[in-house]
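Structure first, commentary second.
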Amino acid sequence: MSQPKLSQRSWAVPAALLAGDRRALARSISLIEHGELAVGVASEALAAHLGRAHVLGITGAPGAGKSTLVHAMLGELLARGQRIAVVAVDPSSPISGGAVLGDRVRMGEHGAHANVFIRSLATRGHLGGLSQSTEEIVDVMDAAGFDTIIIETVGAGQSEVEIMRVADTRLVACAPGMGDNVQAIKAGILEIADLLVVTKSDLPGSDAAARDLKDMLHLRPARSAIQWEVPVLKSCANTAQGVAGLLDAVAQHARVAGVGQRLKARRPAKSAVALDSGALVMQLASSDPFAQALGIRCVDAGKGHATVSLTLQQQHLNFNGTCHGGLVFALADSAFGLASNSYGKVAAGIDAHVTYQQAARLGDCLQARATEVSRSRKLAVYRVDVTRADGAVISSFTGTVYITDIDIATAAADAPQETI
């Protein structure tokens with residue numbers, strides 16, 4: 001019995017694809033569709049070439065006229081000098097697994113144009129209104145230099161909202177005369193809409209459908225990410241009436257919201273970027289306002305150890321003219337805190353002991369080096385030696401921490417922000 005073919009886990013990006021060659025584009029998409037490339041390989045290889053195209057997602061109930069609307073949009077966008085790619089997703093048969101892919105029939109007039117590329121996809125059982133490979137195929141089209149990428153979902157119900165993750169602008173289409181229009185698109189897809197359009201506006205009931213949608217918008221939760229008021233528009237794709245205005249509204253939303261939104265979701269938050277222990281400790285030290293106010297700076301760090309330094313100034317002295325004992329403790333405690341948190345988990349101090357050997361004076365450079373003595377799953381013990389530049393020991397410090405299950409990045413994100 002023959003062994004199944006393994007998917008490639010690396011891919012050399014064809015130069016012809018980046019130049020916009022249609023054959024190279026089609027071949028690249030086929031590799032993804034047929035599973036010859038492992039999931040994510042194409043997107044990772046193309047990462048440096050992504051983020052230019054505006055991705056417009058069009059969804060709505062079956063029979064809302066999405067394909068005919070896309071056809072009319074293609075004509076208007078071509079007239080505006082754009083290059084457009086279309087991903088048209090059709091449902092698969094639960095019996096044969098095939099799909100009619102009939103969207104090409106409705107868009108056929110523009111399909112042969114040099115500035116238009118249409119690819120039909122079958123859902124193959126994937127839920128959410130898209131196919132499993134849609135997002136990666138969008139990346140390939142983006143890299144090929146298209147100005148606008150239109151994704152037409154399958155006829156979506158109330159909860160098929162996967163388009164929200166992929167598209168920069170989400171347009172929900174609703175035709176009049178399909179029963180209760182609000183019921184047809186309420187909940188999920190109504191809440192993700194950036195624009196609402198009543199299609200087939202030449203039919204009776206289009207004005208009532210528009211009113212219903214406007215009323216429903218008052219019940220929609222506010223979205224505070226951008227300042228954008230969702231418009232309710234009307235169009236008749238057969239006569240192209242309202243299509244130009246609809247695309248003007250789409251372009252306005254792109255200017256407000258930006259493009260490449262799907263890519264932002266892939267980037268880890270800055271605070272969550274994996275750092276080695278030394279870099280993590282240095283980052284923690286730079287975000288400690290108390291230590292910075294005293295003039296304490298971290299000069300060396302790694303897993304389980306940290307060294308901080310301080311040159312004594314007038315404000316660090318006590319009434320006897322020598323270093324304040326509280327400052328020595330703060331210096332040692334800073335090293336202790338940094339070293340114990342170097343593993344990326346919050347370590348809370350639960351015990352500390354300090355002894356003082358001799359005094360330090362104005363101009364002395366002090367260093368506190370914390371070193372891990374022992375560590376278990378929940379407790380760790382550290383020793384800190386505070387020394388002068390000539391090697392004299394100023395103070396000795398031992399501390400114990402309780403190791404929590406909280407990530408440093410999570411604690412930083414949850415910390416209350418300073419208000420003015």
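The set of residues in the stretch 354-379 being farther than 17 Å from R297 by Cβ and touching a Phe, Trp or Tyr at 6+ places or on another chain (Cβ under 7 Å) consists of V354, T371, E372, V373, K378, L379.
Assessment of the stretch 66-83 against the conditions (on the phi < 0 side of the Ramachandran plot, modelled with pLDDT under 90, among the hydrophobic types (A, V, I, L, M, F, W, C) and not in a loop (DSSP other than H, G, I, E, B)) yields no matching residue. From the list R369, R377, the one residue that fits, being surrounded by 17 or more Cβ atoms within 10 Å (Cβ to Cβ) and touching a strand residue (DSSP E or B) at 6+ places or on another chain (Cβ under 9 Å), is R369.
When each of L327, L284 is tested for being touching a helix residue (DSSP H, G or I) at 6+ places or on another chain (Cβ under 9 Å) and farther than 29 Å from S376 by Cα, the lone residue that passes is L327. State whether the residues of the stretch 124-132 include one that is at pLDDT 65 or above and touching a Pro at 6+ places or on another chain (Cβ under 7 Å). Within the stretch 124-132 (the criterion being at pLDDT 65 or above and touching a Pro at 6+ places or on another chain (Cβ under 7 Å)), the answer is no, since none of the residues qualifies.
When F319 is tested against the conditions (1) in contact (Cβ under 8 Å) with a residue 12 or more places away in the chain; (2) surrounded by fewer than 16 Cβ atoms within 10 Å (Cβ to Cβ), the lone failure is (1). If you check Q252, Q241, which single one turns out to be modelled with pLDDT of 85 or more, assigned by TED's automatic domain parsing to the domain that holds E136 and over 28 Å from D142 (Cα atoms)? The unique qualifying residue is Q241.
Annotation note: of A380, A411, the sole residue that is at pLDDT 90 or above and not acidic (D, E) is A380. Scoring A24 on the criteria (1) modelled with pLDDT under 95; (2) farther than 30 Å from G205 by Cα; (3) surrounded by fewer than 23 Cβ atoms within 10 Å (Cβ to Cβ); (4) in contact with a helix residue (DSSP H, G or I) (Cβ under 6 Å, 6 or more places away or on another chain) leaves a single failure, condition (1). Filtering the stretch 20-47 to residues that are of a type in the set (A, V, I, L, M, F, W, C) and either closer than 20 Å to V89 by Cβ or assigned to a helix (DSSP H, G or I) (or both) leaves A24, L25, A26, I29, L31, I32, L37, V39, V41, A42, A45, A47.
Every test in (1) assigned to a strand (DSSP E or B); (2) modelled with pLDDT of 90 or more is passed by A114 save one, and that test is (1). Taking the stretch 48-62 as the region of interest, how many residues are assigned to a strand (DSSP E or B) and not aliphatic (A, V, I, L, M)? Of the residues in the stretch 48-62, 4 are assigned to a strand (DSSP E or B) and not aliphatic (A, V, I, L, M). Answer yes or no as to whether V13 is among the β-branched types (V, I, T) and modelled with pLDDT under 90. It is false that V13 is among the β-branched types (V, I, T) and modelled with pLDDT under 90. In this entry, A38 passes the filter for residues that are in contact with a strand residue (DSSP E or B) (Cβ under 7 Å, 6 or more places away or on another chain), over 23 Å from N115 (Cα atoms) and surrounded by 15 or more Cβ atoms within 10 Å (Cβ to Cβ).
Can you work out which of the residues in the stretch 388-407 that are among the small types (G, A, S) and either farther than 19 Å from A306 by Cβ or not assigned by TED's automatic domain parsing to the domain that holds R369 (or both) is modelled with the highest pLDDT? Residue satisfying both the conditions and the ranking: A392.
The values are calculated or read from the model by the stated rules, or taken from the named source; none is laboratory data. From a predicted model like this one, the values you see are computed outputs, not experimental measurements. Glycine gets a Cβ as well: all are built from the backbone with ideal geometry, and neighbour counts include every protein chain shown.
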